[in-house]
Amino acid sequence: MNTIIRNALLSGREGLWDIEMKEGKFARIEHDIPDKAETEYDAKGKLVTPTFVDPHIHLDKVLISEVVRPNVSGTLSEAIEIIWDKKCDYTIDDVVERASRAIEMSVSHGTTHLISHVDIDPICGLKALEGVMEAARRMSDIAEIRLVAFPQEGIIQSQGTRELMIESMRMGCHRVGGMPYNEMTYDDSKEHIDFCFELAKDFNADIDMHVDETDDPNAQTLQYLAAKTIKEGYQGRVTAGHTCALSSYNDYYAAKIIDLVAKAKINMITNPATNLMLEGRRDGYPTRRGLTRVKQLMEAGVNVAFGQDCIKDTFYPTFGQGDLLEVGMLLCHAAQFSMSDEVEKVFGMMTENAAKIYGLEPFGIVEGNWACCNILDVTTIQEAFRTRAPRLYVFKTGRLVAKSRQESEIIRHPAVVKS
Ligand SMILES: [Zn+2]
């Protein structure tokens, strides 16, 4: 069984292309494939891109703001507190239902691969993990999900979490998560990181932590994480999400840390939607933007991607729809990516850079690679962000997994009626 997409515009390549997908992979990419395929789609000269990869989302908490009290202060700490009560009454069915809805939203917006953090703590035990695992299994025909065991409540200050983290890795979590800043002392933060490395080494797993998600310049666990990564020989296997405090360091200390992050080959993930909303709440004016130093990290050669992070949860209660073009457009504003080539870099962050973090290599529309691509209703990447272009067709491993249509029409009149 094969499928051909005709008349595709490919970024950076001259002319229109026919793309044949067979046995889940891109089989041929030529200007004119003469043979007829079993199924054919006409891209009509529109842009065909790789599908998107969301490297940071919390599928256990999505859509929870619909059923809990509001986050009045808008801070990270209140968001965590509200969720304690809800987590006590989690049922696996509830988690499956919300996570599945969010996966469908993401696929409909052209994202076929996601990395989900899942809370692991004595409040919800392993229920959140069981729920997200079940949702991932049920949705496996349209999306692939990797799971990170996430000790949001801390490890040292949260008795029983170590054992649950070990069990979650036994159950099949792919990565060891962490949140070292959420400990009582800096020594405990270091012990938290040390434990995560021991666990990761035991399971030969990568590490993906929430790091210094605060405006407080005294939050400096990124330095210890980077140094530990180098000492343990874990270069290229560690990802740090958020790292908001890096923006609040003085320029000398920030330069030292960025250099260390580059040496440790740590992947960095910024979450502009959530952090624009959460950070700077105690600032008054001027109010900080709350994002990490995205441009400086990229200039230092660090692999940087961005994620949706939250969809209608207590951290980001009103917004989010699993649309990385929307999140990317927010990033363009928040980190000032305004030039045409800069906007293309942001697109690279949600495709190649995120795919590298996911471990989806080789990646892209090249013969022999997995046939995951979107037909967007535009002809340039810049227009894709500007219009949040309809994802006309979404293909995963050669099969159509979503389609959409968006039409609007202006109705003109011969006589003017003024209001
Ligand atoms: Zn997060």
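The values are calculated or read from the model by the stated rules, or taken from the named source; none is laboratory data. Treat the numbers as computed from the prediction; the structure is a model and nothing was measured. Cβ placement follows ideal geometry from the backbone for every residue including glycine, while neighbour counts extend to all protein chains displayed.
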### Message
Return the residues of segment 179-218 that are in contact (Cβ under 8 Å) with a residue 24 or more places away in the chain and at positive phi; say none if nothing qualifies.
### Response
Asp212
### Query
Is it the case that some residue within segment 225-238 is within 21 Å of the chain's Cα centre (by Cα), over 17 Å from Pro55 (Cα atoms) and hydroxyl-bearing (Ser, Thr, Tyr)?
no
### Message
Checking Phe203 against (1) under 24 Å from Leu291 (Cβ atoms); (2) more than 15 Å from the ligand (Cβ to nearest atom); (3) aromatic (Phe, Trp, Tyr), only one condition comes out false. Which one?
### Response
(1)
### Query
Does segment 349-371 include one or more residues that are among the aromatic types (Phe, Trp, Tyr), buried (at least 20 other Cβ atoms within 10 Å of the Cβ), part of a strand (DSSP E or B) and away from the ligand (no atom under 16 Å from the Cβ)?
yes
### Query
Of the residues in segment 35-70, how many are away from the ligand (no atom under 16 Å from the Cβ), among the aliphatic types (A, V, I, L, M) and in contact with a Lys or Arg (Cβ under 8 Å, 6 or more places away or on another chain)?
3
### Message
List pairs: first residue in segment 233-247 and not assigned by TED's automatic domain parsing to the domain that holds Gln152 and acidic (Asp, Glu), second residue away from the ligand (no atom under 16 Å from the Cβ) and in a strand (DSSP E or B) anywhere in the structure, Cβ distance under 6 angstrom, at least six positions apart or on different chains.
### Response
none
### Query
Is there a residue in segment 70-89 that is free of Cβ contacts under 8 Å to residues at least 60 places away in the same chain and part of a loop (DSSP other than H, G, I, E, B)?
yes
### Message
So if I check each of Lys295, Lys256, Lys265, which one is part of a helix (DSSP H, G or I), surrounded by fewer than 19 Cβ atoms within 10 Å (Cβ to Cβ) and either under 20 Å from the mean Cα position of the chain (by Cα) or outside the structural domain of Asp60 (by TED's automatic domain parsing) (or both)?
### Response
Lys295
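Yes/no matrix, rows are residues, columns are (1) polar (S, T, N, Q); (2) under 24 Å from the mean Cα position of the chain (by Cα):
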position	(1), (2)
Gly172	no, yes
Pro180	no, yes
Phe195	no, no
Thr214	yes, yes
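Out of segment 282-338, which residues are β-branched (Val, Ile, Thr) and within 26 Å of Val238 (Cα to Cα)?
The initial filter retains those residues of segment 282-338 that are β-branched (Val, Ile, Thr), namely 287, 292, 294, 302, 304, 311, 314, 318, 327.
Across segment 282-338, the qualifying residues are Thr292, Val294, Val302, Val304, Ile311, Val327.
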### Task
Please go through segment 378-408 and pick out each residue that is β-branched (Val, Ile, Thr) and in a strand (DSSP E or B).
Val394, Val401
### Query
Would segment 279-293 turn up any residue that is free of Cβ contacts under 8 Å to residues at least 24 places away in the same chain, of a type in the set (Gly, Ala, Ser) and at positive phi?
yes
### Message
Given the criterion at pLDDT below 95 and not small (Gly, Ala, Ser), identify the matching residue among Ile123, Ile115, Ile103, Ile142.
### Response
Ile123
#### Entry: Residue match in segment 176-199 (condition: over 23 Å from Gln235 (Cβ atoms) and touching a Ser or Thr at 6+ places or on another chain (Cβ under 6 Å))
yes
#### Entry: Index of the failed condition, Arg101 passing every other in (1) in contact (Cβ under 8 Å) with a residue 60 or more places away in the chain; (2) under 25 Å from Gly328 (Cα atoms); (3) outside any loop (DSSP other than H, G, I, E, B)
(1)
